[in-house]
Amino acid sequence: MSHSPERAGVVALRVIRQLKRDRRTIGLIVFAPIVLMILFGYALSGDMSGVTLGLVDGGGHAGLRSHLESIQDFDVLYLGSESDAERLISEGQLDGAAVLGPDEVQVLLDASSLQIAGAIAAAVQAGAAKERAGLETAGRQLGEESAIVMRYIFGYDLEMMDTVGPAILGLVVFFFTFINAAIAFIRERSQGTLEKFMVSPLSRVEMVSGYVLGFSLFTLLQSATTLFVVTALFKVPLRGSALTALAVVLLLGAGALVLGCFFSNFARSEFQVVQFIPLIITPQIVLCGIWWPLQSVPEFIRPFSYMLPLTYAAHALRAVMLKGAGIGDILYPDLLALGIFFLIFFAAATLMLRREVG
Amino acid sequence: MGMQSAISARGVTKSFGRQRVLDNLTVDIPSGVTYCLLGPNGSGKTTFIRAIVRLLHLDGGEMSVLGRPVSEVDKIYSQIGYMTQHKALYPDLTVQENMEFYAGLYGLYKQQRVARLDELLRMVDLLEHRGRLAGALSGGMYQRLSLACTLIHEPKLLLLDEPTVGVDPRLRQTFWDYFERLTQEGKTVLITTHLMDEAEKCQMVGYMRAGRMAAEGTPEEILRLAGLRPILRLWLAEPERDAALLRAEGYEIDVVGGVVLVRLEGHAQIKEVLSNVSPLDMRLAEPKLEEAFLRLSEAA
């Protein structure tokens, strides 16, 4: 059977008409990303593990220094001057810094994450106390006690949003497209329309293509609003082109759609589609490198990370938004991987539709 | 397998697990007729229809559809209208949008589509409901819309699985008139139904039982096969005498409570009977197809 773009267009038009009428889903598509963003943006801004502490050593506090170096949760970065420390904190690269001098110990803290600031201040105070106790037992004459001065730096707000924002854009599109597509195909089955298509000139390829086209319009709407929220509300930079970012999201959305179509074969009801969330969505969130860098994912799981589309989409979106990458820069491996993922599941989805025939 | 047959099946079998659903079924459905498949639930009617459109593969036997082997039936899907027991509509689209969608699938656009939509909407009496969401229609309306969508591409072969469920009698008659018009144009209509009075309207009836064709023919032939004949009830001034007279003429006669019952060979015999006796009153009791099938199932 030869494939006709017209028939795929007929399916696309129908899908658009249906979604257009589904106000609740449209509301979800537009507002859920905003809610998610706020949730991720604020609730997670106080991440405690892997605190990076700058250290400017002006001498006189060997004990305090070795105490700070010994704390496992702290990554200590040695800096030349106080101004370097200030700059790095305001850029969000450091969580705080200790400036050690013979007369004074200055603690520079990032005002945007008070939890981390509290942890750093406590560590410095504990270190200073330990140092003094050590000197006393050594029977050394105590000089004038150095003062500890705390100073807050108001620098970069919600620095985590920078790295997470672009990835959330991908996550939101993937999640909703997958769920909506799986449910749409479940309905085609239960309504009897799928069986009717099987006995019509409409081919499986035309049908799935029509769905990809129709859903793409809503993916665009959704990614455009999400992109707007991420950049306008949360001030995540958009250094590359918005069109490039949307292209990445569209390709990811197409992959999520065919994946949803494929998995709809394994669910009997809309309710069962929801049960796919822990199976399909959660691993992507955990392993795609949004929250934890891929380098920290155990090596035996890492190949799995590289099989997930969100890994590539998140990487590409970060490159476009934060580093200003163009299409050419993300072609390999990101767009290529997303394209391959789409093609594999497009084929799988159309083949599974064939298996309807008993 | 001549071109006269719209569908021709020879020794067709299909099993689901250990259950034989079609058991060496042989049937010819001529072109240009309404053919009714009757039979109890699980007798294989729906399985047979699904096999015709290749929604399932046969285990054995041969079948041709519109002159082509069933393995090539996907090449002539545009000539087949298939209406399942599921209505195959989108409840969140309007009546018109549902029809436009199906019209598009079969390559009907613009003026051609507009004209066809109007004609069908009028036939199924949904013209003034075209803007309503299909999900808001009553059961019968939904059914009518489903039929209209099945007819949209003017198929040569119509396969209708229980098409008149929930449709009121007046509109049902409209459907049957429409089907008759289709057969006059040379199209073939294959219908499954539980309703005997509908079967009586078909030109041919096949009675399926346990995956086989238990009886097949015109409704009259089926009645005769079951040994059922129309009965003429006569109220006569002298029943005993006239009964004897008719018996002498060779008629099968019963007298029940003073009423003379004549078992007819056919309707033509009514005139002959009346040339022998002059009843005060009379009534003709037609045998029911239902009765015939009950008898046939008992016999089998």
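The values are calculated or read from the model by the stated rules, or taken from the named source; none is laboratory data. Just so we're clear, the structure is a prediction, and the values are computed from it rather than from any experiment. Cβ atoms come from the backbone with ideal geometry, glycine included; neighbour counts cover every protein chain shown.
The set of residues in the stretch B:248-265 that are loosely packed, with under 13 Cβ neighbours inside 10 Å and without any contact (Cβ under 8 Å) to a residue 12 or more places away in the chain comprises B:ALA248, B:GLY250, B:ASP254, B:VAL256, B:GLY257. Remark: B:GLY211 matches the filter, which requires a residue to be among the small types (Gly, Ala, Ser) and either closer than 22 Å to B:GLN85 by Cβ or buried (at least 20 other Cβ atoms within 10 Å of the Cβ) (or both).
Pairing each residue of the stretch B:40-63 that is over 20 Å from B:HIS194 (Cα atoms) with any residue that is of a type in the set (Asp, Glu) and surrounded by fewer than 19 Cβ atoms within 10 Å (Cβ to Cβ), provided the two are 6+ apart or on different chains, yields C-beta distances under 7 Å for B:ARG54/B:ASP74.
Quick one: which of B:GLY166, B:GLY81 is under 25 Å from B:THR47 (Cα atoms), touching a residue at least 40 places away in the same chain (Cβ under 8 Å) and outside any helix (DSSP H, G or I)? Please lay out each step first, then the result.
Values: B:GLY166 fails: touching a residue at least 40 places away in the same chain (Cβ under 8 Å).
None of the others qualify; the one that does is B:GLY81.
One residue stands out among those in the stretch B:169-195 that are free of Cβ contacts under 8 Å to residues at least 24 places away in the same chain and basic (Lys, Arg): the one that is farthest from B:SER31 (Cα to Cα), which is B:ARG170.
Here is a check on your reading of the model: is B:ALA115 more than 23 Å from the chain's Cα centre (by Cα), crowded, with 20+ Cβ neighbours inside 10 Å and more than 8 Å from every other protein chain (Cβ to nearest Cβ)? Even if it seems obvious, please write down each step before you answer.
On the way: more than 23 Å from the chain's Cα centre (by Cα): yes; crowded, with 20+ Cβ neighbours inside 10 Å: no; more than 8 Å from every other protein chain (Cβ to nearest Cβ): yes.
Taking the combined requirement at face value, the residue does not satisfy it.
When every residue of the stretch A:163-180 is checked against the conditions, none turns out to be without any contact (Cβ under 8 Å) to a residue 60 or more places away in the chain and surrounded by 20 or more Cβ atoms within 10 Å (Cβ to Cβ).
Being within 14 Å of chain A (Cβ to nearest Cβ) and farther than 30 Å from A:VAL10 by Cα: is that true of B:VAL21 here? Criteria met by B:VAL21.
Going by the structure shown, is B:GLY67 more than 19 Å from the chain's Cα centre (by Cα), over 28 Å from B:PHE293 (Cα atoms) and either assigned by TED's automatic domain parsing to the domain that holds B:ALA103 or surrounded by 17 or more Cβ atoms within 10 Å (Cβ to Cβ) (or both)? It is true that B:GLY67 is more than 19 Å from the chain's Cα centre (by Cα), over 28 Å from B:PHE293 (Cα atoms) and either assigned by TED's automatic domain parsing to the domain that holds B:ALA103 or surrounded by 17 or more Cβ atoms within 10 Å (Cβ to Cβ) (or both). Annotation note: of B:ALA88, B:ALA103, the sole residue that is touching a residue at least 24 places away in the same chain (Cβ under 8 Å), in a loop (DSSP other than H, G, I, E, B) and buried (at least 18 other Cβ atoms within 10 Å of the Cβ) is B:ALA88.
Scanning the stretch A:114-171 for residues that are among the polar types (S, T, N, Q) and at pLDDT 80 or above yields a count of 1.
Every residue in the stretch A:176-195 that is of a type in the set (Gly, Ala, Ser) and away from every other protein chain (no Cβ under 14 Å), please.
Going through the stretch A:176-195, the residues of a type in the set (Gly, Ala, Ser) turn out to be A:181-182, A:184, A:190, A:192.
Residues satisfying the conditions are A:ALA181, A:ALA182.
For residues in the stretch A:178-194 being assigned to a helix (DSSP H, G or I) and touching a Ser or Thr at 6+ places or on another chain (Cβ under 6 Å), which is farthest from B:GLU72 (Cα to Cα)? Selected residue: A:ALA182. Screening the candidates A:SER81, A:SER66, A:SER45 for the property of being at pLDDT 85 or above and either of a type in the set (A, V, I, L, M) or more than 16 Å from A:ALA121 (Cα to Cα) (or both) yields one hit, A:SER81.
Would you list the strands (runs of 3 or more DSSP E) that sit entirely within the stretch B:219-282 and hold 2 or more residues that are within 35 Å of the chain's Cα centre (by Cα) and within 26 Å of B:MET204 (Cα to Cα)? Spell out the reasoning first.
Details: elements: B:231-235, B:252-256, B:259-263.
Once the strands (runs of 3 or more DSSP E) in the stretch B:219-282 are filtered for at least 2 residues that are within 35 Å of the chain's Cα centre (by Cα) and within 26 Å of B:MET204 (Cα to Cα), what remains is B:231-235.
Whether a residue is of a type outside the set (Val, Ile, Thr), closer than 25 Å to B:PHE293 by Cβ, part of a loop (DSSP other than H, G, I, E, B) and in the same structural domain as B:VAL189 (by TED's automatic domain parsing) was assessed, and B:PRO40 passes this test.
Please go through the stretch A:6-18 and pick out each residue that is facing another protein chain (nearest Cβ under 9 Å) and surrounded by 15 or more Cβ atoms within 10 Å (Cβ to Cβ). Show your work before the answer.
Just the residues of the stretch A:6-18 that are facing another protein chain (nearest Cβ under 9 Å), to begin with: A:6-7, A:9-11, A:13-14, A:17-18.
Selection gives A:ARG7, A:GLY9, A:VAL10, A:VAL11, A:LEU13, A:ARG14, A:ARG17, A:GLN18.
Select the helices (runs of 4 or more DSSP H) contained entirely in the stretch A:245-340, then report the ones holding at least 2 residues which are buried (at least 23 other Cβ atoms within 10 Å of the Cβ) and in contact with a Lys or Arg (Cβ under 9 Å, 6 or more places away or on another chain).
On the way: elements: A:270-274, A:282-287, A:302-305, A:309-323, A:327-330.
Those helices (runs of 4 or more DSSP H) span A:309-323.
What do you reckon, is B:GLY39 more than 14 Å from chain A (Cβ to nearest Cβ) and more than 13 Å from B:ALA210 (Cα to Cα)? In short, no. Only one entry in B:ILE80, B:ILE76 is crowded, with 20+ Cβ neighbours inside 10 Å and within 30 Å of A:SER2 (Cβ to Cβ), namely B:ILE80.
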